[in-house]
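Shown next, in structure tokens, is the structure this report addresses.
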Amino acid sequence: MNPGQDISQNLFEELDDLYQDLILDHYRRPRNQQQVADPDICAEGHNPFCGDRVALQIKLEDGRVTQVGLQSHGCSITQASASKMTELLKDKTLEETVILSKLFTAMMQGKKLTEEELERLGEMKAFSAVCKYPIRIKCAVLPWNTLEDGVKHYRSGQKHR
Ligand code: ZN
């Protein structure tokens, strides 16, 4: 038996309470909502399906994320995912932020992650419960798509000011 598979299965069944608590907590008290001055990375995202909007600013130092600002409007899933994402990005290299984004997106698309991959996502794994509501998957990944857009722009030298 594949132990990773077993863990994901258990997680999925036991997630409801964790999912609700985490999402409500981050929705009511969103983290890092302040605007970051003079950011290195700046991006905005929009989900027309439920009117969610996020604006993201990231400040880098020695290739690592030192400050994250994220202003979000919309449903609880987007706001909680955005808030939780800002916590996870701190102190990460850009490579690491993109890896986390790919892992999160894969999880949301219903792909089975290894135990180690789930560990890297930390509390973000609670959002796998949202897979049960396909229309909300876009809400959960919006902040991460916005992050990837911002990183892409930054890397292509189109630094926003
Ligand atoms: Zn939404």
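The values are calculated or read from the model by the stated rules, or taken from the named source; none is laboratory data. Please read these numbers as outputs of a predicted model, since none were measured by experiment. As a convention, Cβ positions derive from the backbone with ideal geometry for all residues, glycine included, and neighbour counts pool all protein chains shown. Just the protein is used for accessible areas: all its heavy atoms, side chains included, with ligands, DNA and RNA removed. Shrake-Rupley method; radii C 1.70, N 1.55, O 1.52, S 1.80 Å.
Values computed for the structure shown
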read-out	value
In Hz, Karplus ³J(HN,Hα) per residue of segment 95-100 (6.51, -1.76, 1.60; θ = phi - 60°; x = Gly, Pro)	4, 5, 5, 5, 4, 4
Solvent exposure, largest accessible area first (probe 1.4 Å, DNA, RNA and ligands not counted), of Glu95, Glu119	Glu119, Glu95
Within the accessible area of the chain (1.4 Å probe), percent carbon and sulfur	49
Rounded to the nearest 10 Å², the accessible area of His73 at probe 1.4 Å	120
Probe 1.4 Å - accessible area at Tyr133, Å² to nearest ten	110
Rounded accessible area of Val141 (nearest 10 Å², 1.4 Å probe)	20
Mean ellipticity per residue at 222 nm, deg cm²/dmol - from DSSP H runs of n ≥ 4 across the chain, formula -39500 (n - 2.57)	-17500 deg cm²/dmol
Cα-derived Rg over Rh, computed across the chain with Rh taken as Kirkwood radius	0.97
Relative pair counts by distance (%), Cα atoms of segment 24-80, 5 Å bins	5, 19, 25, 21, 17, 9, 3, 0
Solvent-accessible heavy-atom area per residue, rounded to whole Å², over the chain at 1.4 Å	53
Label point distance in nm, Lys90-Gln34, each placed 7 Å from Cα along Cα→Cβ	1.2
Between segment 29-54 and segment 88-161, the alpha-carbon center distance in angstrom	14
